[in-house]
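Trainee: My questions all concern the structure below.
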Amino acid sequence: MKKATMHNSNKFIGFKENIIENFWPYPNFMEEYWCQLSGSEQKVLDFIMRQTIGFRKTSDWIAISQFTNGIGTANKGTGLSKSQIQRAIIGLEKKGFITAKRHKNRPSIFRLVYEDDQYKNNTPIFSEKDLNKAFANLLIGTKNANQNDTPDIQNE
């Protein structure tokens, strides 16, 4: 399946007609919070959401270079500078959208914050297995989804 791509002019060529077949779930309630986020925070949050819930994970190791440059051929990153990304991450943490567990000279572990416990102790509400099962039931064709290698903050 071909992805929507940019021509040499960098003008978006449009969405493919079969877009519904190639998507990740985006929480509808987030539109209530867009007004609270800067443009950089929104891009960084979307990137984290794609790398976590988009791949049926509860958390993920993400390097600043991945936010800036993308990950392989899968995406091109956020288009933001390193300093914009760092400010956005701090803003998202202060506003309660994410937690970031930083590691010296390694990518950080990013996790979305869920309403019932706010991850005050970095303890997830649901296990990765529970979330994977829930997403498998929600998404078309994910009955036999592969389990991803996901950092488990519970065991760190």
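Trainee: Mind checking which residues of the stretch 34-57 are acidic (Asp, Glu) and surrounded by fewer than 19 Cβ atoms within 10 Å (Cβ to Cβ)?
Mentor: The one that is acidic (Asp, Glu) and surrounded by fewer than 19 Cβ atoms within 10 Å (Cβ to Cβ): Asp46.
Trainee: Residues of the stretch 85-96 being more than 11 Å from Leu37 (Cα to Cα), in contact (Cβ under 8 Å) with a residue 24 or more places away in the chain and more than 16 Å from the chain's Cα centre (by Cα), which ones?
Mentor: Arg87
Trainee: For the stretch 44-72, which positions are touching a residue at least 40 places away in the same chain (Cβ under 8 Å) and polar (S, T, N, Q)?
Mentor: Passing the criteria: Gln51, Thr52, Thr58, Ser59, Gln66.
Trainee: Of the residues in the stretch 67-103, how many are in contact with a Gly (Cβ under 9 Å, 6 or more places away or on another chain), among the polar types (S, T, N, Q) and closer than 19 Å to Trp24 by Cα?
Mentor: Looking only at that region, the number is 1.
Trainee: Turning to a different aspect of this structure: What about Thr99, is it outside any helix (DSSP H, G or I), touching a residue at least 12 places away in the same chain (Cβ under 8 Å), within 17 Å of Val113 (Cβ to Cβ) and polar (S, T, N, Q)?
Mentor: Judged against the criteria, Thr99 is a match.
Trainee: Okay, next question. Glu41 is checked against (1) of a type in the set (Asp, Glu); (2) part of a helix (DSSP H, G or I); (3) free of Cβ contacts under 8 Å to residues at least 12 places away in the same chain and fails just one. What number does that condition carry?
Mentor: (3)
Trainee: On the given criteria, is Ile13 farther than 30 Å from Lys94 by Cβ, of a type in the set (Val, Ile, Thr) and either modelled with pLDDT of 80 or more or surrounded by 11 or more Cβ atoms within 10 Å (Cβ to Cβ) (or both)?
Mentor: yes
The values are calculated or read from the model by the stated rules, or taken from the named source; none is laboratory data. Treat the numbers as computed from the prediction; the structure is a model and nothing was measured. Glycine gets a Cβ as well: all are built from the backbone with ideal geometry, and neighbour counts include every protein chain shown.
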